[in-house]
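Trainee: Questions regarding the structure given below will be posed in turn.
Just so you know, all these numbers are worked out from the coordinates, no wet-lab data involved. Since we're looking at a predicted model, the values are computed, not measured. Using ideal geometry, Cβ is built from the backbone for each residue, glycine included, and neighbour counts are taken over all protein chains shown.
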Amino acid sequence: MKIGILAVQGDVTENFLATMASMSELGIDGSVIQVKTVEQISTLDGLIIPGGESTVIGQMSLVNGAIKKIKEKIESGMPVFGICAGMVFLSKNSQDRIVGNVDQPLLDILDVKIERNSFGRQKDSFEAKISMEPIGISSFHGVFIRAPSVSETGSGVEVLAKFNEKIVAVKQGNVIATAFHPELTKDTSLHKSFVKLVDNQS
Ligand code: GLN
């Protein structure tokens with residue numbers, strides 16, 4: 001099994017380490033690689049899109065053609081896990097709570113409307129207990145950093161978690177997305193759940 005971490009910008013190393021740890025805890029034989037190019041992406045069984053700045057991740061992926069390859073792979077069944085900016089990048093529609101519409105490249109896969117910076121700016125970052133019962137994770141420490149939320153969902157989208165009435169984690173078939181950062185905690189349960197999804201698919 002080969003899982004890629006999109007290494008354009010954001011917390012790539014933390015996701016790399018969390019995915020390595022998850023594979024080893026699950027006893028799954030596989031590799032984790034940092035990917036950027038179309039060639040690297042085309043070899044993957046699963047992809048994690050880390051948090052960071054979605055406008056930058058989108059622009060850079062557009063410039064080298066990676067966006068098209070990622071979309072193609074997800075559409076043909078490759079599981080993907082989008083975290084924070086990754087969740088924004090996966091979406092069909094995104095607006096910034098403060099500045100409104102931003103012209104940014106999106107993968108146009110996850111059938112949701114995103115509100116970027118939904119909880120405020122950097123200084124409004126926070127941590128909170130999250131429950132994701134539909135995937136068997138009853139308690140998770142959510143780290144929210146300039147986090148988005150999901151303001152509308154399409155019919156194929158399952159809500160995994162809410163915080164203060166806002167949707168903060170969703171699943172749509174082979175796509176999982178969270179507004180918070182599991183790679184910044186010691187808890188690997190969410191990364192493990194993604195590794196299992198990849199294992200079932202490949
Ligand atoms: N606010 C950022 C964005 O919309 C996401 C922040 C993050 O990934 N921690 O791209």
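Trainee: Say R0 is 45 Å: what FRET efficiency, to the nearest 0.05, do residue 62 and residue 127 get from their beta-carbon distance?
Mentor: Details: r = 33 Å, r/R0 = 0.73.
Here the calculated transfer efficiency is 0.85.
Trainee: Would you check region 6-119 for Lys pairs whose C-alpha atoms are within less than 21 Å, ignoring same-chain pairs closer than 8 in sequence, and give me the count?
Mentor: 11
Trainee: Same structure again: Per-residue ellipticity at 222 nm for the chain, helices alone: DSSP H runs ≥ 4 residues times -39500 (n - 2.57), over residue total, nearest 500 deg cm²/dmol?
Mentor: About -8500 deg cm²/dmol.
Trainee: Based on DSSP, what percent of beta bridges with both residues in the chain are antiparallel, to the nearest 5?
Mentor: Roughly 50 percent of the beta bridges in the chain run antiparallel, per DSSP.
Trainee: I would also like to ask the following. Where a ≥ b ≥ c are the square roots of the eigenvalues of the C-alpha gyration tensor, would you call region 56-130 rounded, which needs a/c under 1.5, or, failing that, prolate if a/b is larger than b/c, or oblate?
Mentor: Prolate shape, in that a/c is at least 1.5 and a/b is the bigger ratio.
Trainee: What does the C-alpha gyration tensor say about the overall shape of region 1-134? Classify as rounded when a/c is under 1.5, otherwise prolate if a/b is larger than b/c, or oblate.
Mentor: The shape class here is oblate.
Trainee: So which trypsin sites (Lys or Arg not before Pro) in region 148-202 pass both tests, a DSSP loop state and at most 14 other Cβ atoms within 10 Å of the Cβ?
Mentor: Sites meeting the loop and neighbour criteria: 186.
Trainee: Report the calculated FRET efficiency for residue 31 and residue 138 (r = Cβ-Cβ distance, R0 = 30 Å), to the nearest 0.05.
Mentor: The pair residue 31/residue 138 has a calculated efficiency of 0.45.
Trainee: Please sort by residue number the trypsin sites (Lys or Arg not before Pro) in region 75-133 whose DSSP state is loop and whose Cβ has at most 13 other Cβ atoms within 10 Å.
Mentor: 121
Trainee: Report, in debye and to the nearest 20, how large the dipole of the chain comes out about its Cα centre when Lys and Arg carry +1 and Asp and Glu carry -1 on their Cβ.
Mentor: In debye, rounded to 20, the chain gives about 220.
Trainee: Treat the count of other C-beta atoms within 10 Å as a stand-in for reagent exposure and order 62, 106, 190 from fewest to most.
Mentor: Listed from fewest to most nearby Cβ atoms, that is 62, 106, 190.
Trainee: Sticking with this one: I'd like the GluC sites (Glu not before Pro) in region 114-168 restricted to DSSP loop residues with at most 16 other Cβ atoms within 10 Å, sorted by number. Before the final figure, lay out each step's value.
Mentor: Working: sites: 115, 127, 152, 158, 165; in loops: 165.
Answer in residue order: 165.
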